[in-house]
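The values are calculated or read from the model by the stated rules, or taken from the named source; none is laboratory data. Keep in mind the model is a prediction, meaning the values are calculated, not measured. Here the Cβ positions follow ideal geometry from the backbone for every residue, glycine too, while neighbour counts run over all protein chains shown. Heads up: the accessible areas ignore ligands, DNA and RNA and are worked out on the full protein's heavy atoms, side chains in. Shrake-Rupley method; radii C 1.70, N 1.55, O 1.52, S 1.80 Å.
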Amino acid sequence: MSAGFDSGGATPRPSWSPPRPIPPPPGTAPHTSAPAHWAATAAPGRTSAPWAAAGPPAAGEPEGGLPQELYGTPPMPAPPHPRPAGERGPVGVAYPAGPVPPPPPAAVPGMPPAPRHAPAAAWSSPAPPSAPPPYPPRPSQAPSHAAQVRPRTAAAALCLVLGLGLLGGAGAGVWINHDPAAPTPTAAEASRRDFALARGLWHSTPVDTLFPPTLHGEGLGPGGAERTWTRIGVAPAGDCREAFDPLLARVLRPAGCVKLLRATYTDATSSAVTTVGLLVTKADAPTMRKLRDRWRTERLGARADLMPRPVAFPGTVSAGFGNRQRASWTVTVAADLPVVVYAVSGFADDREIAVPQPAASAVTAGATAAPAQAGLGHEADALADAVDSRAHSAARSLTAGPTGGAG
């Protein structure tokens with residue numbers, strides 16, 4: 001550092017003398033000069049290094065730091081020569097005390113030139129290790145690409161955690177459903193569970209599965225003739241109000257009503273129309289068995305006052321199919337499912353039937369009533385069996401698997 005401030009040759013350094021003090025105005029108390037004032041108020045233990053602040057530390061300033069007005073400015077260079085003790089150089093720098101070194105000797109002819117580097121002065125000696133730096137160190141900055149890589153890394157880590165969580169949850173679900181240590185349900189428990197699950201077939205089964213657009217039956221007509229039925233329309237799923245005659249509604253009341261599904265078909269000749277219905281009940285298995293036993297024991301299926309009502313669709317061959325056109329019917333109360341399946345048939349020419357005939361009687365050999373001769377008993381019986389079979393198949397698909405009895 002001293003070499004940088006040397007005169008660099010034999011040119012003599014100009015002499016320097018301290019400025020003469022200016023006396024204070026009359027009537028004022030004497031005070032020390034600015035350098036003496038700063039030296040007197042300096043904090044104890046502060047060094048007089050070239051970067052030492054010339055005054056007490058400001059609020060929040062670390063010991064030995066720069067004064068507030070010097071923050072962000074480069075440190076002032078030291079003067080070429082030490083000055084007497086107590087004198088001030090540039091703003092914020094106090095010169096250390098010490099003897100003033102003599103000027104370098106002038107060059108003498110015939111003698112080698114004096115060395116360019118004079119002995120280092122006391123103020124140019126290296127600062128003690130404990131001395132603070134001239135200004136606060138700049139914080140290290142990460143490369144610009146780090147700001148881009150870090151969010152991507154965090155996002156990748158989050159995705160990994162979420163993926164592991166989903167896999168863990170799925171594994172836990174499989175372990176719970178197939179825990180070998182879990183108690184095996186008894187036959188009665190499994191039956192009650194499957195019975196309750198089957199109640200959801202009305203909204204879990206497509207309408208074309210329960211009521212296909214076309215049904216074909218081999219040997220289901222009179223004398224074993226083939227039969228083909230085409231669906232005319234499907235009624236919206238609804239409740240059981242207005243669906244049955246009052247007496248039939250009273251008989252079915254213990255079973256309850258969740259939903260009633262209905263569709264109307266016609267035969268290949270469009271001479272007969274048949275409405276088939278699927279009643280989903282609220283009853284449990286014992287209640288359904290009790291209702292079935294009563295239906296069979298009391299022969300309620302043979303009573304004309306317990307006929308279900310048809311559904312007509314305007315603009316079709318069933319437009320005139322009403323209560324007076326009912327010719328044959330059948331009702332099946334299931335014991336293993338919460339359903340009641342029925343069918344009622346009539347003529348497509350809107351003729352009224354004075355004496356309806358139950359399907360069980362109309363399909364017997366030698367029956368001579370008009371419904372039997374026209375095959376209306378076969379129509380009702382075949383379509384009811386087809387829908388009942390499809391309802392059982394749909395119920396088995398609902399109860400199969402880990403949560404059902406067939407799993």
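Summary of values
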item: From Gly277, Gly238, Gly233, Gly221, residue being modelled with pLDDT under 95 and over 41 Å from the mean Cα position of the chain (by Cα); result: Gly221
item: Counted residues, the range 243-258 - those being out of contact with any strand residue (DSSP E or B) (no Cβ under 7 Å at 6 or more places or on another chain) and under 15 Å from Arg326 (Cβ atoms); result: 2
item: Pairs where the first residue, in the range 206-220, is under 17 Å from Asp388 (Cβ atoms) and the second is outside any strand (DSSP E or B) and open to solvent by less than 20 Å² (accessible area, probe 1.4 Å), C-beta under 6 Å, 6+ apart; result: Gly217/Ala382; Leu220/Ala382
item: Options Ala372, Ala382, Ala394, Ala360: the member that is in a helix (DSSP H, G or I) and farther than 30 Å from Thr205 by Cα; result: Ala372
item: Near pairs, Cβ below 9 angstrom, 6+ apart or cross-chain, from the range 353-382 (among the charged types (D, E, K, R)) to any residue that is open to solvent by 30 Å² or more (accessible area, probe 1.4 Å); result: Glu379/Leu220; Glu379/Arg227; Asp381/Leu220; Asp381/Ala360; Asp381/Val363
item: Residues satisfying the stated conditions in the range 353-399, i.e. over 16 Å from Gly221 (Cα atoms), open to solvent by 50 Å² or more (accessible area, probe 1.4 Å) and of a type in the set (Gly, Ala, Ser); result: Ala354, Ser389, Ser393, Ser397
item: Positions within the range 315-331 being polar (S, T, N, Q) and surrounded by fewer than 18 Cβ atoms within 10 Å (Cβ to Cβ), in sequence order; result: Thr316, Asn323
